[in-house]
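Sharing a structure with you now.
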Amino acid sequence: MNNDFRPYQTDVLFLLVGANPLPNYIAARLLAREQGTIILLHSVATSRVAERLARRLRSDRPGLTIQLYGVSEADGPAIARKVGEVAHPFESSYPRLSVGLNFTGGTKPMSAYGYRALSQSFPAGMFSYLDARTLSMVIDPGGGTVQQIPVGRSIRLKLDDIVDLHGYQISRLENRRGNSLLNHAITEVHLALGGMGQWRKWLESWANGVKLPDLGEFPLLRPAVDAFDAVCGGSANESGVAQAIGFHRLNQCGKYFVGEWLENYVFDAVRAVAGQAQPDDSAAGIVIKAPSRPGFELDVAAIIGYQLFAISCVVTEKKEPAKDHLLEAVTRAGQLGGDEARFAAVTFCDDQKVKELELEVSETWDAAGKIRVFGRSHIRDLSSHLLKWFREANQEVS
């Protein structure tokens, strides 16, 4: 626990539950005193979110008392009456008993009328919100000087923790099939002028029989052919290459050769800077499922503190396919990481298309500073560019 938050922790903490439980979870962990009481105020639409949040908080902080109350999401006077009713039992012990409200979640009427009701009953209450732009907690200590305290790594989560808060389950493929030597060699093929086209023609030739490439027919595939030889001990053969990737037969390696190699290459780059960026978690090929909701996948993800960095990987030089993949990442990862999440795409687009992509997606989603696109010029030194992004992503919007 970051000691900077201790002066602002309260015995009773009101939380307004929105669609994303992550900010509420962070607020509860930082601002509720040991043996304190947390009041979760939720609408009909967020009742299940509140239940999952309560379950997780009871598990992580068993000393807390968690109470759930339904309120209107839009009827201001009804919200004020309900908040006043819930708060009334604590009035007799105030100010010996400290009271706070974090209004990061919930609707605007819930925030406005909840604040009005509590500030009248508890004028020295601690009122706060989590600023997603700066990853800091902004606190108004009962009319005193407003404080802005960086959260940083005060709360450190795993990807499983964030997924669990949303009621999903996760399949992690950190040890997914692939080979770093092959990942880098295939990347070199795609960086060469005309290499991407020859690689695709080789894969298309599988329709006439699956076989390793012939340099006479596909000379630009030399880096890959040399790597095939290396992983087979000097002379490539189909079963040896397949086994190096993690399969028994070459015809099982289609998905890897089509695009999974790029996901692996990007994940290699993430792991290469782990000692400097110190992510609390990272994974590739992440399959996220829920019993009654559509599942989705994330190509590569990293967690720093409680902030999600999601990376979409697409083997293309064209802007539109890259845009589609990036938008998918923004949509899916945004569901998990909320406003704090950051998004990137790794593509083979040129610098002009990279700039256009970043601008278009940022404007479409009102996400200035949250979007990065890495293109052809970034690929060889991708680890350095990722490290810079991890370190400076929040500076861009502060």
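Quick one: pull the percent of accessible area on region 304-355 belonging to carbon and sulfur, 1.4 Å probe, ligands and nucleic acids left out.
Of the solvent-accessible surface of region 304-355, carbon and sulfur hold 46 percent.
Turning to a different aspect of this structure: Using label points projected 7 Å from each Cα along Cα→Cβ, tell me how many nm separate ARG52 and ARG249, to one decimal.
Spacing of the two 7 Å Cα→Cβ label points: 4.1 nm.
Could you bin all the Cα-Cα distances of region 107-263 into 5 Å bins starting at 0 and give me the percent of pairs in each, rounded to whole numbers?
Histogram of Cα-Cα distances, whole percents per bin: 2, 7, 12, 14, 10, 7, 5, 6, 6, 6, 6, 6, 6, 5, 3, 1, 0.
For an R0 of 30 angstrom, estimate the FRET efficiency from the Cβ-Cβ distance between GLN148 and TYR69 and round to the nearest 0.05.
With a Förster radius of 30 Å, E is 0.55.
Under 10 °C and 1.306 mPa s, how fast does region 32-83 diffuse according to Stokes-Einstein, given a Kirkwood radius computed over C-alpha pairs? Answer in µm²/s, whole number.
135 µm²/s
If the viscosity is 0.890 mPa s and the temperature 25 °C, what Stokes-Einstein diffusion coefficient in µm²/s follows for region 120-192 when Rh is the Kirkwood radius over Cα pairs?
D, rounded to a whole number, is 143 µm²/s.
Now a separate question. Round to a whole number: what % of the accessible area of region 83-129 belongs to carbon and sulfur, probe 1.4 Å?
The nonpolar share, carbon plus sulfur, comes to 57 percent.
Right, next: Roughly speaking, what is the stretch gain from GLN35 to GLU320, that is 0.36 nm per residue apart minus the C-alpha to C-alpha distance, in nm to one decimal?
97.3 nm
Quickly rank 98-104, 367-373 as a protection proxy: mean count of other C-beta atoms within 10 Å, highest first.
Values: 98-104: 25.4, 367-373: 21.0.
Ranking the peptides 98-104, 367-373 by packing returns 98-104, 367-373.
Work out from phi, with θ = phi - 60° and the Karplus expression 6.51 cos²θ - 1.76 cosθ + 1.60, the ³J(HN,Hα) of each residue of region 90-103, listed in order in whole Hz, and give x for Gly and Pro.
Those phi angles translate into 8, 5, 5, 9, 7, x, 4, 9, 7, 10, x, 9, 10, 10 Hz.
Quick one: what are the phi-derived ³J(HN,Hα) couplings along region 108-123, Karplus 6.51/-1.76/1.60 with θ = phi - 60°, whole Hz, x for glycine and proline?
4, x, 4, 5, 5, 6, x, 4, 4, 5, 6, 5, 6, 7, 10, x
Using a basic spin-label model with each label point 7 Å from the Cα along Cα→Cβ, how many nm lie between ARG380 and GLN335?
Once both label points are built, they end up 4.0 nm from each other.
Using a 10 angstrom cutoff on alpha carbons, build the Gaussian network for the chain and name the most mobile of GLY76, GLY337, GLY178.
Looking only at GLY76, GLY337, GLY178, the largest GNM fluctuation is found for GLY76.
Could you grab the Rg to Rh ratio for the chain? Cα atoms only, Kirkwood for Rh.
We get a ratio of 1.08 for the chain.
What residues qualify as long-range amide H neighbours of GLY305, i.e. H under 5 Å apart, gap of 5 or more or another chain, H built at 1.01 Å from N?
LEU157, ASP280
Moving on. Between GLU360 and THR134, what is the spin-label point distance in nm, taking each point 7 Å from the Cα along the Cα→C-beta axis?
Placing both labels 7 Å beyond Cα along the Cβ direction yields 3.4 nm.
To continue, here is another question. Given charges of +1 on the Cβ of Lys and Arg and -1 on the Cβ of Asp and Glu, with all other atoms neutral, how large is the dipole of the chain about its Cα centre, in debye to the nearest 20?
About 840 debye.
Additional query: Name the residue, out of ASN251, ASN24, ASN179, whose mean-square fluctuation peaks in a Gaussian network model built on the chain with Cα pairs under 10 Å.
Of ASN251, ASN24, ASN179, the Gaussian network model singles out ASN251 as fluctuating most.
For the chain, what is the relative contact order in percent, using Cα pairs closer than 8 Å and at least 6 residues apart in sequence?
Averaging sequence separation for qualifying contacts and normalising by length gives 12 percent for the chain.
Follow-up question, since we're still on this one. What residues have an amide H closer than 5 Å to that of SER136, excluding those fewer than 5 places away on the same chain, when H is modeled at 1.01 Å from N in the peptide plane?
Close amide H contacts, sequence-distant or interchain: ASP131, VAL151.
Could you state the accessible area per residue of the chain in Å², with a 1.4 Å probe and every protein chain left in place?
It amounts to 44 Å² per residue over the chain.
Stretched out fully, how many nm does the piece from TRP206 to ARG391 gain, at 0.36 nm a residue minus the Cα gap?
On the way: separation 185, 0.36 × 185 = 66.60 nm, distance 4.31 nm.
My answer for the length gained is 62.3 nm.
Starting from the eigenvalues of the Cα gyration tensor, five times each then square-rooted, give me the equivalent ellipsoid semi-axes of region 182-231, largest first, whole Å.
Ellipsoid semi-axes (Å, largest first): 16, 13, 9.
Compute a Gaussian network model of the chain, connecting alpha carbons closer than 10 Å, and tell me which residue from SER171, SER377, SER93 fluctuates the most.
SER93
Taking the alpha-carbon distance from LYS355 and a cut-off under 23 Å, which lysines remain once sequence neighbours fewer than 8 residues away in the same chain are dropped?
Cα-Cα hits under 23 Å: LYS318, LYS319, LYS323, LYS370, LYS388.
Still on this structure, please answer the following. Give or take rounding to whole Å, what are the principal axis extents of the alpha carbon atoms in region 71-174, in descending order?
So the extents along the principal axes, rounded to whole Å, are 53, 32, 26.
Output wanted: per-residue J couplings in Hz (rounded whole) for region 255-271, from phi through Karplus 6.51 cos²θ - 1.76 cosθ + 1.60, θ = phi - 60°, x for Gly and Pro.
Ordered by residue, 3J(HN,Hα) equals 4, 5, 5, 6, x, 5, 4, 6, 4, 5, 4, 5, 5, 4, 5, 4, 5 Hz.
Taking H as built 1.01 Å from N, whose amide H comes closer than 5 Å to the amide H of ILE38, not counting residues under 5 places away?
LEU13, THR65, ILE66, GLN67
With all protein chains present, how much of the accessible area of region 210-302 (probe radius 1.4 Å) comes from carbon and sulfur, to the nearest whole percent?
Within region 210-302, the accessible surface is 48 percent carbon and sulfur.
The values are calculated or read from the model by the stated rules, or taken from the named source; none is laboratory data. Quick caveat: nothing in here was measured; it's all calculated off a predicted structure. Neighbour counts run over all protein chains shown; Cβ positions are idealised from the backbone, glycine included. We work out accessible area using only protein heavy atoms, side chains counted, and drop any ligands, DNA or RNA first. Shrake-Rupley method; radii C 1.70, N 1.55, O 1.52, S 1.80 Å.
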